[in-house]
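Structure, as C-alpha cells:
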Amino acid sequence: MEFKDYYKIMDVARDATQDEIKRSYRKLARKYHPDVSKEANAEARFKELGEAYEVLKDAEKRAAYDQLGASHKGGQEFRPPPDWNTGFEFSGGSPSGEDAAGYSDFFSSLFGQHFQEGGARRASPHGKGEDHHAKVLIDLEDTFQGATRSITLRVPSVDAQGRVVTKDRILNVAIPKGIRAGQHIRLSGQGSPGIGEGKAGDLYLEVAFRPHPLYRVDGRDLYLELPVSPWEAALGATVKVPTLGGIVELKIPEGSVAGRKMRLKGRGIAGNPPGDCYVILSIALPPADTKVAKDLYRKMEQEIDFNPRAKLGVPK
C-alpha cells in the first residue's frame, strides 16, 4: 500500500489554514475537473484531490493524519503503525458511500472504520447530539478485577487563525471486569451537545490492550510461554506459573517436549464462562559457563544416544 502525501497533492504547506486548503482545492478542482480539463490525467488527479480534501478539510481526520508525521513520502510502501489512532476523540462524519468507494486503500486503512461509525443526523429542532468515539489502551490487569482509570483523549478543533489544534480531555473511566479487546465502554452524555432540548450524544470508548510482557490475548483466553528445564520436561515436575490471579502450581508430565500446550481452566479473562490460560512449554538450557557445567554437557553427549535431527532424515 502506498503512502498518500495529501499536502503535496493539495499543493499546500503542512501548517496551512483551513481556508488556504479550501482555496487550493477549489483552484485545483477547476483545473482537473474531467468535464473541462485538457490534462491527460485529469480524472485520476481529480479523484486524488477529492480524497486529499476529504481528509484535510476535516479537523479530526487532519489531526489524525498529522499524527503519522512528516517523515513519510508519497508513493513509498506504508503500513499504519499499530494503534496509530489511539487516544483521538472522533465525532464521525463519513463520506458518502459513492465517494468513499473511489478512495484509495490508504484512506480506507486509516479512516474506513472510525469515520463510518458516525455521520450526519436528520435535522431536528430538538435532536440528540452526535455520538463520539475513541480507541483507548488499558492494561490487561484492569479487565481482571475491573478498575477506574484516568484517560486522556486528544480532541481536534480549529483555532481562531484557522489552524488545526488538539486539546486534551481527561476523563475518569470505570473499566468493567471482563471487558475484552474490541468491546466498547459507553459514557452517556459525553458526546456532542444536543440541539435545542435534545440530549447530548454519548462517547464510545473502544478498548484495546497494551502489549503485555507475559501474556498474549485471544478473546477471553490468555497464552503464556513457560520455560522449563530439560530435567523438568524429561522427568516431570510441579512448577509455579504466574497468572493474572496470582501464582498457581502446574504439574508437568514426564516426557514433555517444547511446544506442549497445557490448560489452566478459568484462569483467563473473566466472563460467563471465563477464559482459560494456555501454557506453552519451552525448554530453557542452562548455560555452559563453568567447568562443572561443561563437563556435565560432555558427559551427556557421551552417555546419551540422542540425535535431535533424526526426524529430518540426517545422521548424527
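For segment 195-238, list residues with backbone N below 20 Å from a point placed 7 Å from the Cα of residue 299 toward its Cβ? Flagged as within label range: 229-236. Its DSSP H runs of at least 4 residues, each contributing -39,500 (n - 2.57), put the calculated 222 nm mean residue ellipticity of the chain at -7500 deg cm²/dmol, to the nearest 500. Once the C-beta distance of residue 210 and residue 237 is scaled by a Förster radius of 45 Å, the resulting FRET efficiency is 0.90 to the nearest 0.05. Summary value for the chain: 13 percent relative contact order, contacts being C-alpha pairs under 8 angstrom separated by 6+ residues. Taking 28 Å as the limit for the C-alpha separation, the pairs 22/73; 135/251; 27/73; 27/135; 4/31 exceed it in the case of 135/251; 27/135.
In a simple Cβ point-charge model (Lys, Arg +1; Asp, Glu -1; nothing else charged), segment 6-114 has a dipole of about 480 debye relative to its Cα centre.
Using C-alpha pairs below 8 Å separated by at least 6 residues, the relative contact order for segment 132-209 is 38 percent. Taking label points 7 Å from Cα along the Cα-to-Cβ direction, residue 57 and residue 84 give a separation of 2.3 nm. Excluding same-chain neighbours fewer than eight residues apart, the aspartates and glutamates reachable from residue 167 by a Cα-Cα span under 15 Å are 60, 66, 89, 159. Sequence-ordered 3J(HN,Hα) estimates for segment 280-297 from the Karplus curve with 6.51, -1.76 and 1.60 and θ = phi - 60° stand at 10, 6, 10, 8, 9, 8, x, x, 8, 10, 9, 5, 4, 5, 5, 5, 5, 5 Hz, glycine and proline given as x.
Each of residue 223 and residue 43 was given a label point 7 Å from its Cα along the Cα-to-Cβ line. The distance between the two points is 4.6 nm. If the segment from residue 184 to residue 15 were pulled out straight at 0.36 nm per residue, it would be longer than the present Cα-Cα gap by 57.4 nm.
Every read-out reported here was derived from the displayed coordinates using simple, explicitly stated rules and does not represent laboratory data. Since this is a predicted model, take the numbers as computed values, not measurements. Positions of Cβ are backbone-derived with ideal geometry, glycine not excepted, and every protein chain shown enters the neighbour counts.
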